[in-house]
Each structure stands twice: as C-alpha cells, then as structure tokens.
Amino acid sequence: IGGIEPYATPPAPTLQPPQIQRIQRKYEERNREYQKEWVRLDRAEMLEKREKEIVKRADTIYGTVNDQQLPVRRDHLRAPAFSPAMALKERQRRQQDTLAVLHRVSSQGVSIGDARAAVRGLLDRYLASPDPAYRAYGDTLRLETCRLIAALHGAATPEQRDTAVRRLGGRRRA
C-alpha cells in the first residue's frame, strides 16, 4: 500500500469542500446499500448469500463447482466469524478517517510533507485498524477464509485444478 501514497497525496490538497462532500454522500449511499444487502439479513439469508458469492468466486477460479463440493462450502460457511455489522463499523471508521484527512490536507497552509504523512498514516490505518477488536476479527476471518480455500482446493478435481492454474497463472507475483 506504500506504493499508493505517491499517487494519492498530490490530488488530496487540491480537493475543494464540495468534492469532499460528494465523497461523503457516496460513502453514505454505499453504507445504506451494504446495510440493506448484508446487515439486515437474518443468519439463514446471510449464509445463503455468502454461499452464492463463494460459488461465483470458486467458479471464476476452478470452473463449475460440482455437487460433491457443496458440503465443503456449507461446512465452512457455518463458521461464525463473518459479521456484516463489524465490517460496516470498520468501513465507517475508515470513511470518517478518510474524510478527516482530506479536510485536513485540503486546508490552507498544509505542506506537501504534512500531506504525505497524513495520507501515509491513513493508509497504515487501513492496513492495521486502530480497533483491536476489528484486528482480531480480521485475523479470524482471514484464517477461516484460508481454511475454506484449502478445503475447496482439496475437493477440486484434477480438471478444476488445471483450470485454476490457467486462470491464476497470469496473476503470479514476480
């Protein structure tokens, strides 16, 4: 994320209040959508929606997921860590942090060095939330996601693994 700072900092001091207000309105709109799409769901609806999304992502990587692989997904989806409310709370914290930084660096008299430091701090807080409960939640969610991916890969057919290699081959890091 450190590579983003040189690109994110220069425009930040040039933002005008109406532009920052537009960003805030967009955040509010997206939060309302997220509330409707995730937070307001009961547990059964959330599990069904998560399963559909996981199938879609698995299909993107492996090709069509077969019926024998359904129990693998369902077993891992029952893990209780995913919390739309917790995700929304962190999302809103990040948004408020972003807006505060944008207001600060777009005000008169902020040096480019101070703007860079503010943007760098913001990016650091995106990577490591100042909320210890969210950091613990994120760690648990990452662990559960890794377990799900490992289980899906373990249940994949040789053909599906070949498909995954082809589809992910272009995404390898140097």
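Read the figures in this text as sums done on the coordinates, not as results from a lab. Small disclaimer: the values here were computed from a predicted structure and weren't measured.
Descriptive notes on the structure:
- Helix 17-34 vs. the chain, principal-axis angle (Cα, 0 to 90°, nearest 10): 20 degrees
- Mean projected area of the convex hull spanned by the Cα atoms of segment 1-98, taken over all viewing directions: 8.8 nm².
- Using alpha-carbon coordinates, inclination of helix 84-106 to the longest axis of the chain, degrees: 30 degrees
- Listed values [x] 9, 32, 31, 17, 8, 2, 0; [y] 10, 38, 36, 14, 3, 0; [z] 9, 26, 28, 24, 11, 2, 0, entry calculated as P(r) over Cα pairs in 10 Å bins from 0, in percent: [z]
- Overall form of segment 113-169 per C-alpha gyration tensor (a/c, 1.5; a/b vs b/c): oblate
- In degrees, nearest ten, helix 158-169 long axis to first principal axis of the chain (Cα): 20 degrees
- Our note on the geometry: Cα centres of segment 92-108 and segment 115-174, 26 Å apart.
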